[in-house]
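A short write-up of the structure that comes next.
The values are calculated or read from the model by the stated rules, or taken from the named source; none is laboratory data. Fair warning: this is a prediction, and the values are worked out from it, not measured in the lab. Note that we place each Cβ from the backbone using ideal geometry, even for glycine, and neighbour counts take in every protein chain shown. Note: areas computed on protein heavy atoms with side chains; ligands, DNA, RNA excluded. Shrake-Rupley method; radii C 1.70, N 1.55, O 1.52, S 1.80 Å.
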Amino acid sequence: IAVMNKGNLEQIDKPGAIYATPQTLFVADFIGAMNLMPASAMDGTLTMGSQSLRLPGSLTGSGLTVAIRPEDVRIGEGGWKGTVTGVSDLGHYQKVYAQVDGLPAPKGASNNAFKLYLPKHVNAVEGGSLAFAPTRCMIFGAGEPIEVRL
């Protein structure tokens, strides 16, 4: 597949590779759903608002963008806590929106709504709380995109 942006080739690769490891922010946002948030890093800690992730290595920089796919989260663990603002049953999974205090609003989202794709057995109820932790992210803005498994 070739992904074009205004006549410019952004990425050419197999569909799975384009989805899993987009090489530009445009591709990350264009292919599938993605939570894109402004970030900075210092000594291996990636900070988005008042939320943070500990990274392997010693990445340092500002003006970064962190990209987290809605399915790349672990439920019931971690320091991110949100209030469920919407739930949609999509057959074999549910799309959940959660407002996470201290997290900047993902690009295109309102009210800091973080999009999650969760298994049906997770009891997500509007107005209820939800604890989760990202398990994988991509970092853009520090040269080549960096894939991080958390």
## Note on the structure
Accessible-area order for 43, 13, largest to smallest, probe 1.4 angstrom, reads 43, 13
### Task
Could you please state how large a percent of the accessible area of the stretch 55-150 is carbon and sulfur, counting protein chains only and using a 1.4 Å probe?
48
### Task
For the chain, give the magnitude of the charge dipole about the Cα centre (Cβ charges: +1 Lys/Arg, -1 Asp/Glu; no others), in debye to the nearest 20.
140
### Task
Please list the non-local residues whose amide H lies under 5 Å from the amide H of residue 150, H modeled 1.01 Å from N, same-chain partners needing a gap of 5 or more.
136, 137
### Query
What are the residues whose amide H is under 5 Å from the amide H of residue 59, where those residues sit 5 or more places off or on another chain and H is modelled from the backbone?
44
### Query
Accessible area per residue of the stretch 26-74 at 1.4 Å probe, in Å²?
42
### Query
Which whole-number value in Å² is the accessible area per residue of the stretch 83-150, probe 1.4 Å?
51
### Query
Which of 140, 130, 26 sits closest to the plus end of the dipole of the chain, meaning its Cα is farthest towards the positive end, when Lys and Arg get +1 and Asp and Glu get -1 on the C-beta?
130
### Query
Taking Cα centroids, how far is the stretch 107-150 from the stretch 2-80 in Å?
10
### Task
Would you work out what percent of the accessible area of the stretch 1-49, with all protein chains in place, is carbon or sulfur (probe 1.4 Å)?
62
